[in-house]
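K.L.:
Let me begin by handing over the structure; questions about it come next.
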Amino acid sequence: MPSPQIQDSPKKNHSFVDFGGLNTQASRREIQDNEFSWLENVMPIGHGNMVSIPSPSASLATMGSGTCYQLATANISNVDYEFMFGNDGSCWQINLTNGSYTRTQVCAAGVLSGTSSALAQWQNTVVLIIDPNGYWSWNGSTLTNLNSPITVTAKIDNGSGSAGTVLNVTATSGNVSVGSAVTGSGVTAGTYITAVGTGTGGIGTYTVNTSQLVASESMTLTPSTPGAGTLIATYSGRVWIGNNRTVSYSAPNSYSDFTLTDFGGSLVITDETLHSNITQLYTANNFLYIAGSGSLNIISNVTITTSPALTTFSNTNISASVGTTFPNSMGAYFRAVWFANNYGIYGLYGSTTQKMSDPLDGIFPLIDFTQTISAGIFQLNEILCVGFLVKYKDPLSATRPIILVFFNKKWFIASQGSLVSINSVIQAGVPTMYGTDGTNLYKLFSNTSSSISQKVQSKLWDMGSPLRVKQVLKAGIETSSTSLASVGLTVDSEYQSNAYNVTASNSMTWYNAAGGVITWLNNASQPITWLSPGYVFSRKDVSNFGNYVGLTLTSTTPQVNYYGLHMQYEGRAEWAGLPW
């Protein structure tokens, strides 16, 4: 009996408009039908709405010396600044408000360690910098060392020549601060400054804790501040400084007084949940978060008792297994605190850590974790996003930096140049992201006119029957752009990819009264193409076959909106893949 002939199925159409996010956890064949196996520099906002993202700005400012390894931001007197820390121990301030991005040197090379400085904002009056080399305040123009002993000429009396608690400073070699121990000939042991009078760090009067009478002489003032540290945060009206396993905290409403009698002090974390040293201090949601490589603690309910003079607070471990070694990856995103480690990106919701990066599981094995991870929030297409800068060992090219971007339960990839650090600044209420390549400072996602490399790679669809071969006949894309959009289109299967070029534009043809075509020329005698912005449906006759078929789009055209990806296919024989 003759074998029955194989009947091809009718032509069918497949449309992809329900845009989800990136998913690298499963193979390209097994992700959900609305997910992407790669999605770079294109934001899948919603159903039938996917847009290319802006590129970074031109260089706004440059380092004065060294190579920037870290960015930090603060506001001083209602002016937003970006701080660039150099590997030579220098620090530079960039004014983000005046429009000219004025650069000011905070400190010269060699002052800081060049490896692990940290910065915190105190109110919006000064910036505090902690480093293995010391502790400083910066008011936008003057750097003050807060822990070096200084020499003053002063006397102690009641202001009228009798014993009292008024320290009258008539000359000083540095900044006079509350909490500083006072020593000198005839000065009572244990004397320290408790308050300012007419002096504000220089010549003037101050209050000491012990009544005495000391004639004018040379005295030494030794601050009570920590001499070194690597982490700093402001919380509950105090400064908190981390160094190894110790957290020192200042007196209430002071960043320079760390004396016990004024309710300052320190905490040594002895619990074994902190495997090594503290890796970050971060303030959010009315808590001070203390991160370790594999743990998270929270400080809360900070109060004082006057008898004895003591600061009390709750120190609670909320995770004994998940933490981070990347301090600059920790930040607030909506009601959670997010951070990255070697095995994912996590959100801390209340006291529960939740892995947020399952769709990126195919990317994490290719991240170079010898490079730091930094993060920040930013507004893109009026949507609040969070991004994590990582060094990606791209199997299709060289190792390169990419930003892992999350919003509305979706991930996509952004590339914004050769960045080494990013962070966010709230400017006029708008979260804005900046980045540096080590020399230049850029405003990211801000340039809508320059080209940007885009790649959109769909699932390899089985069209409901993985055992049947499909013959792809046509492919099309729905787009709009403000210019002539050139899109590279490949029709993919499990066997091969066939490449095509698509020009997406509404070209206009001019006719004269006689119906003849009018050709326009520029001043170089080259033809001018007239374009009308708006919706375009570009399609091609194509050819490919496979049990699984999909599409890949590439473009460098800025401001492209993608509305849909389409293909026409025909079912062929079942069980007809490549023979063994």
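The values are calculated or read from the model by the stated rules, or taken from the named source; none is laboratory data. These numbers were taken from a predicted model, which means no experiment stands behind them. Neighbour counts run over all protein chains shown; Cβ positions are idealised from the backbone, glycine included.
K.L.:
Of the conditions (1) under 25 Å from residue 318 (Cα atoms); (2) free of Cβ contacts under 8 Å to residues at least 60 places away in the same chain, residue 384 clears all except one; give me its number.
P.N.:
(1)
K.L.:
Still on this structure: Return the only residue of 432, 436, 399 being surrounded by fewer than 22 Cβ atoms within 10 Å (Cβ to Cβ), within 25 Å of residue 118 (Cα to Cα) and among the hydroxyl-bearing types (Ser, Thr, Tyr).
P.N.:
Details: 436 fails: surrounded by fewer than 22 Cβ atoms within 10 Å (Cβ to Cβ); 399 fails: within 25 Å of residue 118 (Cα to Cα).
After applying the criteria, what remains is 432.
K.L.:
Quickly run through the stretch 255-289 and pick out the residues that are aromatic (Phe, Trp, Tyr) and more than 25 Å from the chain's Cα centre (by Cα). Please lay out each step first, then the result.
P.N.:
Step one: list which residues in the stretch 255-289 are aromatic (Phe, Trp, Tyr), which gives 255, 258, 263, 282, 287, 289.
Scanning the stretch 255-289 gives 255, 258, 263.
K.L.:
Does at least one position in the stretch 125-134 carry a residue that is under 20 Å from residue 197 (Cα atoms), surrounded by fewer than 18 Cβ atoms within 10 Å (Cβ to Cβ) and either in contact with a strand residue (DSSP E or B) (Cβ under 7 Å, 6 or more places away or on another chain) or not charged (D, E, K, R) (or both)?
P.N.:
Yes, the conditions are met somewhere in the stretch 125-134.
K.L.:
Looking at 229, 242, which is the one that is modelled with pLDDT of 95 or more, part of a loop (DSSP other than H, G, I, E, B) and either touching a helix residue (DSSP H, G or I) at 6+ places or on another chain (Cβ under 9 Å) or over 18 Å from residue 126 (Cα atoms) (or both)? Don't jump to the end; show me each part of the working.
P.N.:
Working: 242 fails: part of a loop (DSSP other than H, G, I, E, B).
Criteria check complete, one pass: 229.
K.L.:
Taking the stretch 375-413 as the region of interest, how many residues are under 20 Å from residue 282 (Cβ atoms) and not small (Gly, Ala, Ser)?
P.N.:
So in the stretch 375-413, the residues under 20 Å from residue 282 (Cβ atoms) come out as 375-378, 384-390, 404, 406.
Now restrict to residues that are not small (Gly, Ala, Ser): 377-378, 384-386, 388-390, 404, 406.
Final tally of qualifying residues: 10.
K.L.:
Quick one: in the stretch 349-404, of everything that is closer than 21 Å to residue 24 by Cβ and small (Gly, Ala, Ser), which residue is farthest from the chain's Cα centre (by Cα)?
P.N.:
Only one residue tops the list, namely 397.
K.L.:
Something else about it: Give 384, 296, 288 a once-over and let me know the one that is outside the structural domain of residue 267 (by TED's automatic domain parsing) and under 26 Å from residue 421 (Cα atoms).
P.N.:
Details: 296 fails: outside the structural domain of residue 267 (by TED's automatic domain parsing); 288 fails: outside the structural domain of residue 267 (by TED's automatic domain parsing).
When all the criteria are applied, what remains is 384.
K.L.:
Condition test on residue 58, is it under 20 Å from the mean Cα position of the chain (by Cα), outside the structural domain of residue 387 (by TED's automatic domain parsing), in a loop (DSSP other than H, G, I, E, B) and surrounded by fewer than 21 Cβ atoms within 10 Å (Cβ to Cβ)? Full working, then the answer.
P.N.:
On the way: under 20 Å from the mean Cα position of the chain (by Cα): yes; outside the structural domain of residue 387 (by TED's automatic domain parsing): yes; in a loop (DSSP other than H, G, I, E, B): yes; surrounded by fewer than 21 Cβ atoms within 10 Å (Cβ to Cβ): yes.
So residue 58 passes the test.
K.L.:
Being part of a strand (DSSP E or B), under 29 Å from residue 566 (Cβ atoms) and not hydroxyl-bearing (Ser, Thr, Tyr) is the filter here, so list the residues in the stretch 433-464 that pass it. If you could, list the steps in order and put the result at the bottom.
P.N.:
Taking the stretch 433-464 first, the residues part of a strand (DSSP E or B) are 433-436, 440-443, 447, 454-458, 461.
From what's left, under 29 Å from residue 566 (Cβ atoms): 454-458, 461.
Correct list: 454, 455, 456, 457, 461.
K.L.:
Just to be sure I understand, how many residues within the stretch 253-299 are small (Gly, Ala, Ser) and either touching a Pro at 6+ places or on another chain (Cβ under 7 Å) or under 30 Å from residue 177 (Cα atoms) (or both)? Spell out the reasoning first.
P.N.:
Here is the first cut: in the stretch 253-299, the residues small (Gly, Ala, Ser) are 254, 256, 264-266, 276, 284, 291-295.
Keeping just the survivors that are either touching a Pro at 6+ places or on another chain (Cβ under 7 Å) or under 30 Å from residue 177 (Cα atoms) (or both) gives 254, 256, 264-266, 284.
Here the count works out to 6.
K.L.:
Tally time: how many residues in the stretch 28-55 are assigned to a loop (DSSP other than H, G, I, E, B) and either of a type outside the set (D, E, K, R) or modelled with pLDDT under 95 (or both)?
P.N.:
Filtering the stretch 28-55 down to residues assigned to a loop (DSSP other than H, G, I, E, B) leaves 28-35, 41, 47-48, 53-54.
Still in the list and also either of a type outside the set (D, E, K, R) or modelled with pLDDT under 95 (or both): 31-32, 34, 41, 47-48, 53-54.
Counting residues in the stretch 28-55 that are assigned to a loop (DSSP other than H, G, I, E, B) and either of a type outside the set (D, E, K, R) or modelled with pLDDT under 95 (or both) gives 8.
K.L.:
Can you pull out every residue in the stretch 187-233 that is within 30 Å of residue 245 (Cα to Cα) and of a type in the set (Phe, Trp, Tyr)?
P.N.:
Listed by number, the list holds a single entry, 192.
K.L.:
Considering (1) closer than 26 Å to residue 55 by Cα; (2) under 16 Å from the mean Cα position of the chain (by Cα), say which one residue 346 fails and leave the rest.
P.N.:
Residue 346 satisfies every listed condition except (1).
K.L.:
Right, something else. Do you know which residues across the stretch 65-85 are part of a strand (DSSP E or B) and hydroxyl-bearing (Ser, Thr, Tyr)?
P.N.:
Within the stretch 65-85, 69, 73, 81 qualify.
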